[in-house]
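The values are calculated or read from the model by the stated rules, or taken from the named source; none is laboratory data. All values reported here derive from a predicted model rather than from experimental measurement. Every residue, glycine as well, gets a Cβ built from its backbone with ideal geometry; the counts of neighbours run over all protein chains shown. The area values use the complete protein model at the heavy-atom level, side chains included, leaving out ligands, DNA and RNA. Shrake-Rupley method; radii C 1.70, N 1.55, O 1.52, S 1.80 Å.
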Amino acid sequence: MSIPSARTRCCSTVGVRIGVLALQGDVSEHMRAFRDALGGRGAVTAVRHAGAIGDLDGLAIPGGESTTIGRLVDKNAMRRPIEEFEGGIFATCAGMVLVARDVDDPRITPLGLIDMAVGRNAFGRQRESFEAEVPISGLDTPFHAIFIRAPVATRVGPETTVLGRVDRGIVAVRSGLHMALSFHPELGGDRRLHRMFLERLQDTR
Ligand code: GLN
């Protein structure tokens, strides 16, 4: 049996349907990043209501304000459909807070999709925003990561794989089809993490 090359796997992401949760946050940047990563071989849509979730292969939960996104998820009756979603979730920053099992802020009722504990705004005021080269498992060279009032994971469960960490804690994980990142890969031009997510989805189709 031949092992497919990275290129073959990249270009076999034909027909993948990605939705970006479009309640608040940097939605258009995620849509552009996934369109780039798919290179025209898939569809990217903005998701504003529960009925749009079931047909997707992947759902991105963007950065923004996790208290606000969480409130709007409930207001739009999207909590149950997201919890029951069988595809992959790509969660960044505020999204990483929401998909955790435990969050250090009682105002958040997390979705509990990834077995990890997350601390919000983990870098404090001095380093509210910064950029760093973060080595990521599975990438040949470090990822130029943009952190904006970023969370970190402070605990991960046995089913959760750590992909990257910085001095304050864990900043990239995967669990099954899901990925969660403290930083904002959609804001730079590097699409390797979006492609990593898409390749795993394609493998299961
Ligand atoms: N600090 C924000 C929160 O916890 C996340 C910031 C972001 O998504 N850039 O909601």
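Observations, loosely collected:
- E131 acidic (D, E), open to solvent by less than 10 Å² (accessible area, probe 1.4 Å) and within 14 Å of the ligand (Cβ to nearest atom): no
- Of the residues making up the stretch 76-96, not a single one is without any contact (Cβ under 8 Å) to a residue 60 or more places away in the chain, crowded, with 22+ Cβ neighbours inside 10 Å and within 9 Å of the ligand (Cβ to nearest atom).
- Residues of the stretch 155-193 classified as within 16 Å of the ligand (Cβ to nearest atom), assigned to a helix (DSSP H, G or I) and either open to solvent by 40 Å² or more (accessible area, probe 1.4 Å) or aromatic (F, W, Y) (or both), total: 1
- Being assigned to a loop (DSSP other than H, G, I, E, B) and either near the ligand (Cβ under 9 Å from one of its atoms) or buried (at least 21 other Cβ atoms within 10 Å of the Cβ) (or both) is a property that holds for F123.
- Test: residue in the stretch 82-93 that is more than 16 Å from the chain's Cα centre (by Cα) and outside any loop (DSSP other than H, G, I, E, B): no
- Among residues of the stretch 32-56 that are among the aliphatic types (A, V, I, L, M) and outside any loop (DSSP other than H, G, I, E, B), those with a beta-carbon under 6 Å from a residue that is open to solvent by 50 Å² or more (accessible area, probe 1.4 Å) and modelled with pLDDT of 95 or more at least six positions away or on a different chain give the pairs A37/R195; A43/R17; V44/R35; A50/A77.
- Test set (1) in contact with a Lys or Arg (Cβ under 7 Å, 6 or more places away or on another chain); (2) more than 22 Å from R195 (Cα to Cα) - I69 fails condition number: (1)
- Single unsatisfied condition, V118 versus (1) assigned to a helix (DSSP H, G or I); (2) in contact with a strand residue (DSSP E or B) (Cβ under 9 Å, 6 or more places away or on another chain): (1)
- Pairing residues of the stretch 174-192 that are among the β-branched types (V, I, T) with residues that are modelled with pLDDT under 95 and open to solvent by 10 Å² or more (accessible area, probe 1.4 Å), at Cβ distances under 6 Å and at least 6 apart in sequence or on separate chains, gives no pairs at all.
- Members of the stretch 64-75 that are in contact with a Ser or Thr (Cβ under 7 Å, 6 or more places away or on another chain) and away from the ligand (no atom under 12 Å from the Cβ): none
- The criterion of being of a type in the set (V, I, T) and free of Cβ contacts under 8 Å to residues at least 40 places away in the same chain does not hold for I18.
- Any hit, the stretch 100-110, residues being near the ligand (Cβ under 9 Å from one of its atoms), among the basic types (K, R) and within 18 Å of the chain's Cα centre (by Cα): no
- Selection status of D115, charged (D, E, K, R) and free of Cβ contacts under 8 Å to residues at least 60 places away in the same chain: no
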